[in-house]
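Have a look at the structure below, then the notes.
Any read-out appearing in this document is the output of simple, stated calculations on the displayed coordinates, not a laboratory observation. All values derive from a computational prediction rather than experimental measurement. Heads up, the Cβs are rebuilt from the backbone with ideal geometry, glycines too, and the neighbour counts pull from every protein chain shown.
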Amino acid sequence: MKDEKQIKKCCKCKQYKILDQFSKNRTKKSGLNNYCRKCSKEYRILNKEKLQIYTKEYTNPNQLFKKKDTREKEKETTQKTT
Ligand SMILES: [Zn+2]
């Protein structure tokens, strides 16, 4: 009998790799990620960059809005008191 290791196809690089090359993922039926470790690492790096751009785009206007909002509220209160 051959002592074959179980293999799984990576959804990203389309290569068959031994299960050791896939990190565990409880949310998946197989219990393993669909991407191999190498691909998931690359994916994470790409996502990190995307997320950084995403947060940059969204935090800045938000901060500006908050500042504007408080200023307007201050104006309102001062106008009311005077
Ligand atoms: Zn892969």
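Residues in the range 1-42 that are among the aliphatic types (A, V, I, L, M) and surrounded by 11 or more Cβ atoms within 10 Å (Cβ to Cβ): Ile7, Ile18, Leu19, Leu32.
I need the full set of residues from the range 1-50 which are basic (Lys, Arg), part of a helix (DSSP H, G or I) and within 14 Å of the ligand (Cβ to nearest atom), in order please. Within the range 1-50, Arg37, Lys38, Lys41, Arg44 qualify.
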